[in-house]
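First the structure, in the form of structure tokens, and then the observations on it.
The values are calculated or read from the model by the stated rules, or taken from the named source; none is laboratory data. Keep in mind that what you see is a predicted model, and the values were worked out from it rather than measured. Positions of Cβ are backbone-derived with ideal geometry, glycine not excepted, and every protein chain shown enters the neighbour counts. Side chains are part of the model used for accessible areas, which takes the heavy atoms of the whole protein and leaves out ligands, DNA and RNA. Shrake-Rupley method; radii C 1.70, N 1.55, O 1.52, S 1.80 Å.
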Amino acid sequence: MPVVESEEQEALRSAVAALGKRHGRNADREALWSEAAKLGYLGVNLPEAYGGGGGGIAELSIVLEELGAAGCPLLMMVVSPAICGTVIARFGTDAQKQEWLPGLADGTRTMAFGITEPDAGSNSHRITTTARRDHDTGDWLLTGRKVFISGVDIADATLIVGRTEDARTGRLKPCLFIVPRDTPGFTRRQIDMELDAVEKQFELTLDDVRLPAGALVGDEDAGLLQLFAGLNPERVMTAAFAIGMGRYALAQAITYARDRTVWNAPIGAHQAIAHPLAQAHIELELARLMMQKAAALYDAGDDVGAGEAANMAKYAAGEACVRAVDQAVHTLGGNGLTREFGLASLITAARVARIAPVSREMILNYVSHQTLGLPKSY
């Protein structure tokens, strides 16, 4: 497994960094999305046969990280091309691929992802959104609730995680359904968030939502395999989001520490300022290495290995991001809380990487019993 990026990946990183620099912290989201799509960055991981770049999650994570490092991350990249695009590309029918992948690749269509529920969080074993067959028509009927679902108002459809009954065992197993935004019975309520982001959060209600048989993505009996085909890229992309944010904050602090002079010396000359910034840089670089490993394993088809590495990458990146943002604000002192420098809002945003899409405590649970072989505590 390479520990350095290929020439193509380095070129992609440089090109996206230049795009991010042109748009900057106060970027118009629609303009940035449109230009990134036109340049082929949004669909870089999707198959060439459907208008994508033919790359993988490794390339898509580079795009999101560099936009984040420029202060203008596109959160919908995590769910639309990474989760939904990947799942449809791997498991969708030919009709689903033809309908959705070209639009996801060129940015003209977006898709949200709905798994989290009020009582289940991201625990797929406790999801209560159920799908049952109408045996007269072959349609599916979905009933349930979802919460903290990003960008539903701007997405053309939401990939909903529901559960169907296994005819052989009677047990419920996870399945994925494409639910168009304006489907009757599919309603949304915006959640009032302190976090200031372009992509809003919603609670969804599905009240006997009727879907055609073709809305089911993949095999009804595939269960967790298809679900984690989307969740592992989500963790990798969340790591990219966090690393980019941490790099942005660190860059602002470094510039300030070089320029701000007290007692005839730049404050960055003092180890009390320099060492924590150096430590933050090291932690972000280490998190990126694990993210690159996770992406490489996933793109190579090793879902089991990618699952472990993606969880570790998301954990490491979330922790590194929070510490980098905190140290950046502290370096600027009072200026770190002003709107001029754009760091104060990151204090809240950085915590997202610790909380979503899976908390750091659940990752520690995963590593303790899946990797270390320790007994479960739950």
Sparsely packed chymotrypsin sites (Phe, Trp or Tyr not before Pro) within segment 239-341, loop by DSSP, other Cβ within 10 Å at most 15: Trp263
For the chain, modelled as a Gaussian network with Cα springs under 10 Å, which listed residue fluctuates most, Met291, Met312, Met362? Met362
For the chain: lysine pairs with Cα atoms under 19 Å, gap of 8 or more or different chains, count? 4
Given the whole protein assembly as supplied and a 1.4 Å probe, what does the accessible area of Asp139 come to in Å², nearest 10? 30 Å²
Could you please state how large a percent of the accessible area of the chain is carbon and sulfur, counting protein chains only and using a 1.4 Å probe? 52 percent
What shape does the chain take by its C-alpha gyration tensor, where a ≥ b ≥ c are the square roots of the eigenvalues and a/c under 1.5 counts as rounded, a/b above b/c as prolate, and the rest as oblate? prolate
About the Cα centre of the chain, how large is the charge dipole given +1 on each Lys and Arg Cβ and -1 on each Asp and Glu Cβ? Please answer in debye to the nearest 20. 880 debye
Among Ala316, Ala11, Ala280, determine the one that fluctuates most according to a GNM of the chain built with springs between C-alpha atoms less than 10 Å apart. Ala11
Report the local net charge at Ile273: Lys and Arg +1, Asp and Glu -1, summed over other residues whose C-beta lies under 11 Å from its C-beta. +2
Going by alpha carbons, how many degrees (0 to 90, nearest 10) lie between the helix axis of 224-259 and the longest principal axis of the chain? 20 degrees
Rounded if a/c is under 1.5, else prolate if a/b beats b/c, else oblate: with a ≥ b ≥ c from the C-alpha gyration tensor eigenvalues square-rooted, which is segment 40-167? oblate
Need one word for segment 1-83: rounded, prolate or oblate. Basis is the Cα gyration tensor (sqrt eigenvalues a ≥ b ≥ c); a/c below 1.5 gives rounded, then a/b vs b/c decides. oblate
Quick one: helix 7-23 against the long Cα principal axis of the chain, what's the angle to the nearest 10°, folded into 0 to 90? 80 degrees
Residue among Ala313, Ala49, Ala37 with the largest mean-square fluctuation in a Gaussian network model of the chain, springs linking Cα atoms under 10 Å: Ala49
Suppose only helical runs count, i.e. DSSP H with n ≥ 4. What mean residue ellipticity at 222 nm does that imply for the chain under -39500 (n - 2.57) per run, divided by all residues and rounded to the nearest 500 deg cm²/dmol? -15500 deg cm²/dmol
With +1 on each Lys and Arg Cβ and -1 on each Asp and Glu Cβ, how big is the dipole of segment 279-369 about its Cα centre, in debye rounded to the nearest 20? 280 debye
Could you work out the local net charge near Gly185, counting Lys and Arg as +1, Asp and Glu as -1, over the other residues with Cβ closer than 13 Å to its Cβ? 0
Under 8 Å for C-alpha pairs, at least 6 residues apart: give me the relative contact order for segment 280-378, rounded to a whole percent. 23 percent
Probe 1.4 Å, heavy atoms of protein chains only: per residue, the accessible area of the chain in Å² is 47 Å²
